[in-house]
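The values are calculated or read from the model by the stated rules, or taken from the named source; none is laboratory data. No experiment lies behind these values; they were computed from the predicted model shown. Cβ: placed from backbone, ideal geometry, glycine included. Neighbour counts: every protein chain shown. SASA here: full protein model, heavy atoms, side chains in, ligands and nucleic acids out. Shrake-Rupley method; radii C 1.70, N 1.55, O 1.52, S 1.80 Å.
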Amino acid sequence: MIALIDCGLGNLRSAQKALEAVGANVCLTSEASDIQAAGKVVLPGVGAFGDGMSGLRKRNLVTVIKSVVSQNKPLLGICLGMQLLFEVGYELGEHPGLGLLPGKVIKFPAKDLKVPHTGWNQILPERDCQLLEGIPSGSYAYFNHSYYCEAAEWGQVLASSEYGLRYASVVQKGRLYGVQFHPEKSQAVGLQILRNFAESG
């Protein structure tokens, strides 16, 4: 069972359908008991960093998510869900994140760049890993974000992407993963990544 966390931001049906398409048994939930009982957890999200953290706090899920990670249970953050894994975000103010990964979430420099960064961009693997198994270097995924994760530990970056600068687009620490793009909108590449997560040990 994969618990797909609903923290009140966005339509999660596409993420649920994509996970189900690769054979996962998915429970869409905001209940701590469901998340604790699941074998794996997915934290999706769209919208602003502060709103995402507020949604988690209102549902008393911050401690639950940290507990899941401390138990070494696989967790995948998607888009805003990946950003929330970091220490602090600077979208519409300064907001503390979950602090599970060292680094910060900052805005793309607007000079010579169209912000938000919306559309297809390449994933450039930094090292071999199970999450990206079967994904050739330079494969395209679908992005939609104005802020990016500036990882403090580049050794935790599985893949990077370039948009005016080089930034972390896939991260890992133990069995904690994050992807900045939307795998549920990234066709075969995204489904393969979700399949790799669903089938990971």
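Some notes on this structure:
- Matching entry among Val62, Val68, Val105 (being open to solvent by 10 Å² or more (accessible area, probe 1.4 Å) and either closer than 16 Å to Pro44 by Cβ or β-branched (Val, Ile, Thr) (or both)): Val62
- Looking across the range 130-152, just one residue is in a loop (DSSP other than H, G, I, E, B), without any contact (Cβ under 8 Å) to a residue 60 or more places away in the chain and under 16 Å from the mean Cα position of the chain (by Cα), and that is Ser146.
- If you go through the range 9-44 and keep only what is in a loop (DSSP other than H, G, I, E, B) and closer than 17 Å to Leu85 by Cα, you end up with Leu9, Pro44.
- Residue in the range 158-187 that is farthest from Ala18 (Cα to Cα), counting only those that are open to solvent by 10 Å² or more (accessible area, probe 1.4 Å) and part of a strand (DSSP E or B): Arg166
- In the range 1-22, the residues that are open to solvent by less than 70 Å² (accessible area, probe 1.4 Å), within 20 Å of Val189 (Cα to Cα) and not hydrophobic (A, V, I, L, M, F, W, C): Ser14, Gln16
- Condition check for Leu100: open to solvent by less than 10 Å² (accessible area, probe 1.4 Å) and under 21 Å from Gln180 (Cβ atoms): no
- Any hit, the range 112-127, residues being in contact with an Asp or Glu (Cβ under 9 Å, 6 or more places away or on another chain), surrounded by fewer than 20 Cβ atoms within 10 Å (Cβ to Cβ) and not in a strand (DSSP E or B): no
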